[in-house]
Amino acid sequence: FHPSVARDLARRGCDLLVVVDCGTKDREAVEAVREAGVPVLIFDHHLPGDHPPGDAVLVNPHATEGPLLARQLCAAGVLWSWIARAEMAPPEWLEERLGLVCLATVADCMTLQSPLNRALVRRGLEILRRRPRQGLRLLFQRLELEISLLDEEDLAMKVIPCLNAVGRLDLAERAVQLLHPGQLPLEPLVERLV
């Protein structure tokens, strides 16, 4: 989370910033947003540094010596678990997002020896097999994957590299658009990812 991005977000009139998978060590960026009066919520799984992120709400099991199962989650798993535990969303909403938690867990190479990660990935794979998001379905088809047989290896070796590569070669926003398409045509996005 770079200070220049933080200042740009504050200038754009952001009224709440939720940071996922970074922020625990990004004190300067958090302070830049907080100085603009914007509250910051950080959901992360990285080890904290010597200087916590100032005046922000930090949900990170490593920052508080949380339970071992929680410390084995990826950041998306931390956020999903926090929403579930706080009962901030209906069970159907949480269920629909397990596919994303599964992708993030595999992408972050989190241990599947953890019973919690294993359960999240198992249930997330069921969601991805039965009712993948429209953009993911197109990507699976383009990669010639048998959706009903999708497994962790397919995600790690084929799907996730496509999602990650676009952020390195173009804009990571393209992968986000594929996962949350809105009104965009998806076929051109899939062609850019593969």
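The values are calculated or read from the model by the stated rules, or taken from the named source; none is laboratory data. Keep in mind the model is a prediction, meaning the values are calculated, not measured. Cβ coordinates were reconstructed from backbone atoms using ideal geometry, including for glycine residues, and neighbour counts include every protein chain displayed. Heads up: the accessible areas ignore ligands, DNA and RNA and are worked out on the full protein's heavy atoms, side chains in. Shrake-Rupley method; radii C 1.70, N 1.55, O 1.52, S 1.80 Å.
A quick yes/no check of all residues on (1) within 24 Å of Glu152 (Cβ to Cβ); (2) in contact with a strand residue (DSSP E or B) (Cβ under 7 Å, 6 or more places away or on another chain):
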{"site": "Ser4", "(1), (2)": "no, no"}
{"site": "Val18", "(1), (2)": "no, yes"}
{"site": "Cys74", "(1), (2)": "yes, no"}
{"site": "Ser114", "(1), (2)": "yes, no"}
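Is it fair to say Gly66 is part of a loop (DSSP other than H, G, I, E, B) and closer than 16 Å to Met110 by Cβ?
Yes, satisfied.
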When the stretch 1-19 is checked residue by residue, the ones that are among the aliphatic types (A, V, I, L, M), closer than 17 Å to Val59 by Cβ and open to solvent by less than 60 Å² (accessible area, probe 1.4 Å) are Leu17, Val19
Of the residues in the stretch 113-140, those that are open to solvent by 10 Å² or more (accessible area, probe 1.4 Å), assigned to a helix (DSSP H, G or I) and at pLDDT below 95 number 3
If you check Thr64 against the conditions, is it polar (S, T, N, Q) and open to solvent by 60 Å² or more (accessible area, probe 1.4 Å)? yes
Taking the residues in the stretch 67-78 that are of a type in the set (A, V, I, L, M, F, W, C) and open to solvent by less than 50 Å² (accessible area, probe 1.4 Å) as candidates, determine which candidate is nearest to the chain's Cα centre (by Cα). Ala76
Quick test for you: out of His46, His51, pick the one residue that is modelled with pLDDT of 90 or more, assigned to a loop (DSSP other than H, G, I, E, B) and not hydrophobic (A, V, I, L, M, F, W, C). His46
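Restricting to the stretch 54-63, name every residue that is touching a strand residue (DSSP E or B) at 6+ places or on another chain (Cβ under 6 Å) and in a loop (DSSP other than H, G, I, E, B).
Selection gives Ala56 alone.
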Residues (surrounded by fewer than 15 Cβ atoms within 10 Å (Cβ to Cβ) and more than 21 Å from the chain's Cα centre (by Cα)) located in the stretch 37-58: Gly37, Gly49, Asp50, His51, Asp55
Here the qualifying pairs (Cβ atoms under 6 Å; residues six or more apart or on different chains; first in the stretch 91-112 and assigned to a helix (DSSP H, G or I); second of a type outside the set (Ser, Thr, Tyr) and open to solvent by 40 Å² or more (accessible area, probe 1.4 Å)) come out as Leu98/Arg123; Val101/Trp80; Val106/Glu152; Val106/Ala156
Of the residues Leu98, Leu94, Leu116, which is in contact with a Lys or Arg (Cβ under 8 Å, 6 or more places away or on another chain), under 24 Å from Ile160 (Cα atoms) and hydrophobic (A, V, I, L, M, F, W, C)? Leu98
Going by the conditions given, is Glu87 of a type in the set (D, E, K, R) and either closer than 26 Å to Ala119 by Cα or in a strand (DSSP E or B) (or both)? yes
